[in-house]
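The values are calculated or read from the model by the stated rules, or taken from the named source; none is laboratory data. The structure displayed is predicted, hence computed values, not measured ones. Note that each Cβ is placed from the backbone with ideal geometry, even for glycine, and that neighbours are counted across all protein chains shown.
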């Protein structure tokens, strides 16, 4: 009997009871096309409050390919993906969200691309984003270009965590101990060759997005702070700029004192503006420093990235 390559399909879930039956049906059909591969479905329940866990348990009763890792609470999407990678037994792994915006039907094409090119990372690149607001599309576009501007590592734009990674990438990822993680950033940081696989992103199959603006902002901050110290240097730049502006106003005040003292009283607006400007720069700089210190603080506590309350294999 020949060797069958094993594929781990990693599916982070949070309150996805409305879509799980459809998801399972579709990935099951996909697996039927992968006749020369052995599949495992790794569902990571990120502390769902609905029937997500129970539904996945029901899948596992009749399908030994279904694995469940259920968190004690909501630790976040990146923690759920991380758990899936840590527990993947496959030669390759595919990360896909449960909401079906990323169509499972293209997984065989991604695998074929991997087999033909042997590229360690095949990432999904969105050429369209159905069902998303203009605001979300705009902010996502700005974020990817901003992080590339600030970071020494270049990240693919218009992507998410939907990607195929091979065993080398999986094992390299397991060596990372930092927390919180920006997974797509860490995978790019590794330096393995990457190849884009273009596709059209669908609207959610059911329910509402679980990625609120607050969560997206938190992920963006994590991504930027994890891969760049330039915000600290930008703060230094604005600090120096503020000093030069203050010196300029000081020279102006001194000039008025010597040659036009009647105009001196009228300069209170300039002084107030200067104070507000310098104060604003200081607050921004302190905020940036505080974010870096918060990351260091979280690292020093050495708390686990997630806690698993139930495992079904």
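Please specify each residue of the stretch 1-40 satisfying the condition of being assigned to a loop (DSSP other than H, G, I, E, B) and either touching a residue at least 12 places away in the same chain (Cβ under 8 Å) or closer than 18 Å to residue 160 by Cβ (or both).
Here is the first cut: in the stretch 1-40, the residues assigned to a loop (DSSP other than H, G, I, E, B) are 1-4, 14-19, 34-36.
Hits for the stretch 1-40 are 4, 14, 15, 16, 17, 18, 19, 34, 36.
Each row is one residue, and each column tells you yes or no for (1) under 24 Å from residue 184 (Cβ atoms); (2) at pLDDT 70 or above; (3) assigned to a helix (DSSP H, G or I).
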site	(1), (2), (3)
197	yes, yes, no
208	yes, no, no
214	yes, yes, yes
221	yes, yes, yes
257	no, no, yes
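Going by what's in this entry, would residue 57 be described as touching a residue at least 24 places away in the same chain (Cβ under 8 Å) and part of a helix (DSSP H, G or I)?
Values: touching a residue at least 24 places away in the same chain (Cβ under 8 Å): yes; part of a helix (DSSP H, G or I): yes.
So residue 57 fits the description; yes.
For residue 110, which of the numbered conditions (1) within 14 Å of residue 10 (Cα to Cα); (2) under 23 Å from the mean Cα position of the chain (by Cα); (3) assigned to a helix (DSSP H, G or I); (4) at pLDDT 95 or above fails to hold?
Status for residue 110: all satisfied but (1).
Do any helices (runs of 4 or more DSSP H) lying entirely in the stretch 126-194 carry at least 2 residues that are surrounded by fewer than 18 Cβ atoms within 10 Å (Cβ to Cβ) and more than 16 Å from the chain's Cα centre (by Cα), and which ones are they?
Numbers: elements: 134-150, 167-174, 183-189.
It comes to 134-150, 167-174.
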